[in-house]
Amino acid sequence: MPMEEALGYINNFVEHESAKTIIFCNEDGISENESKKYFMMKEKIVGASLGFKSEIENVLKSLIDEHRSKEAFHKFAIKHCQLIRHLFDRSQTNNLRAFRRAISALAASFAAVDEGGVDPDVIAKQLIYAVAPACFEIHGRAADPEKIRTLLSRDYLIFAGFSILPKNLEKNAEMDFEAQFRTRYFSDLEIQEWRDAVGCPPICEFLLTGVLDRPAIGVWAKKLIQQPEEKERRIKRLLSDFREMEDGEFSQKIAQVLADVEAGEVPQLTRYPALFSTFEFCAANGLIRESRKEILEIFVRGARKAQEEGRIEGSITLKHEINHNGIARSVEGQLLSKHLLEVNEAALRLADNKRVSVLAARMNEEPMRFIESITHDGQSGFLYTSVFQHVDATAFATWVLHLPNSLKASFLGAMRARYQREACHPSYQDELPALRRIRDLVNGSIESPTGGGAKPISLYLNNEIVDVLDEAVDCLEDLPPKVAP
């Protein structure tokens, strides 16, 4: 019944029946429209209010015990339950469903790490940080999935110390999502603990899509326990805080890292913004001889050399790294940002082409894998990635026509999901000529039933596939022309 009517009914017991009355109520669930009226009526009716909050220690034990049959994980969760509890407290969600989902996701990720040949106990903190905060945000705070993906699909989350908190924290009434996230989960970390808070792109995709890429998580775990190469160690040392270095070490590391960049031996584009920001600061404060312009030229030469030698590693989070490090504030930083984004787009396109080529070569052997991949995002999928211009149109049309009905139906559903989800995503524009060709080939190969008999299911599905291809072509044709970066 309506809230006002319910409280009026309860008031009858209180004032006229002299009955002792207890109301159980979730006040957080009352709509904004009714909230003011509710609290005015409550003041007249309710004599005393008591807050109810679950005893989290008992809840945590209960949730962990749900996984008692998984002996190894159960032991792991008990051993590290205080860290999980600490992160839950930091989340300030008090959402027990989010807590349960975090434990379940941790169990699945634990199994993937274990299957990858790495002892989960060795990377316990990194694994828990990669899973728990994201679960609390997704399920406890209903965070925007794209914001989660942008932040947590990186292979690191923070550098601890002064850099993890937004400037003028006390003055920022409305911080952006990343600043809030960092403040909630990392502001209590000590400098030496920054390695504990890492990201895992395949775990992030698992939490957002439910697709668990076990081999990719195993590779991530192995990288964590590997000793970094000398180049990587000096880059991390320079970025963590060069102010702690003695003069001799600083001069040596600066010269070595700048030489590494110029030689094209820093293939990770996500390193460039933070490194450029550091060198720009040093130039502005007279700590190095090179000017900003000279540093820009070295970085551009290095990125171009790494690209020419096929070593550049593209990243979907490069734009975020550029914004995060604020390099676009200077003219030199703007020029470098433009160059890096162009190199990154080419690298991502090349990587996608290779992945599509591998998948297309195995299309006949693993048809369902191909079908699923065109609607999955992340490292194992091609949602929002051009695919069909990389396949042979004639061979693909033949492949579609010869699929069994069960797979034709799956392919039809995947194509609808792919091209109708966002009224045709602009990233599919490169596919337009190939989709036209595939549509025409499939349509031209369809034979109508003879003798006036009933239409076979296969023919119905073929016609539906032509229709969805036709809709995709029309939709892509209506998009504005693609603009070069």
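Computed about its Cα centre, the charge dipole of segment 362-478 is approximately 340 debye, with only Lys, Arg, Asp and Glu carrying charge at their Cβ. Cα extents for the chain along the principal axes, largest to smallest and rounded to whole angstrom: 90, 83, 48. Counting every other Cβ atom within 10 Å of each residue's Cβ, Val198, Val46 order from fewest to most as Val46, Val198.
Amide H contacts for Ile316 (H built 1.01 Å from N in the peptide plane; partners 5 or more residues away or on another chain; cut-off under 5 Å): none found. Electrostatic bookkeeping for Ala98 treats Lys and Arg as +1 and Asp and Glu as -1; over the other residues with beta carbon under 10 Å from its beta carbon, the sum is +3.
Other residues with beta-carbon under 12 Å from the beta-carbon of Cys81 carry, at +1 per Lys or Arg and -1 per Asp or Glu, a net charge of +2.
The charge dipole of segment 300-355, taken about its Cα centre with unit charges on the Cβ atoms of Lys, Arg (+1), Asp and Glu (-1) only, comes to about 40 debye. Here the relative contact order of segment 230-350, from alpha carbon pairs under 8 Å that lie six or more residues apart, stands at 28 percent. By the count of other C-beta atoms within 10 Å, a proxy for reagent exposure, Asp392, Asp89 are ordered fewest to most as Asp89, Asp392. Taking the chain, the Cys residues with no second Cys beta-carbon under 4.7 angstrom are Cys25, Cys81, Cys135, Cys200, Cys204, Cys282. If R0 is 25 Å, the Cβ-Cβ spacing of Val219 and Glu249 corresponds to a FRET efficiency of close to 0.15. Near Asp440: Cβ cut-off under 15 Å, other residues only, Lys/Arg at +1 and Asp/Glu at -1. The net charge is -4.
In this Cβ point-charge picture (+1 for Lys and Arg, -1 for Asp and Glu), the chain has a dipole of about 480 debye about its Cα centre. Farthest towards the positive end of the charge dipole of the chain, among the residues Cys475, Ala274, Gly248, is the Cα of Gly248, using unit charges on the Cβ of Lys, Arg, Asp and Glu. The Lys354 and Asn12 beta-carbon pair, evaluated with R₀ = 60 Å, returns a calculated FRET efficiency of approximately 0.25.
When His86, His67 are sorted by how many other C-beta atoms sit within 10 angstrom of their C-beta, beginning with the fewest, the order is His86, His67. Available extension along the chain between Gln82 and Leu401 is 109.2 nm, counting 0.36 nm per residue and deducting the alpha carbon span. Using the Cβ-Cβ distance between Lys319 and Ala19 with R0 set to 45 Å, the FRET efficiency works out to roughly 0.10. Each stretch of four or more DSSP H residues adds -39500 (n - 2.57); spread over every residue of the chain, this sum gives -19500 deg cm²/dmol at 222 nm.
FYI, it's all coordinate maths here, none of it is from the lab. This one's a predicted model, so the numbers in the text were calculated from it and none came from an experiment. All Cβ positions, even for glycine, are placed from backbone atoms using ideal geometry, and neighbour counts span all protein chains on display.
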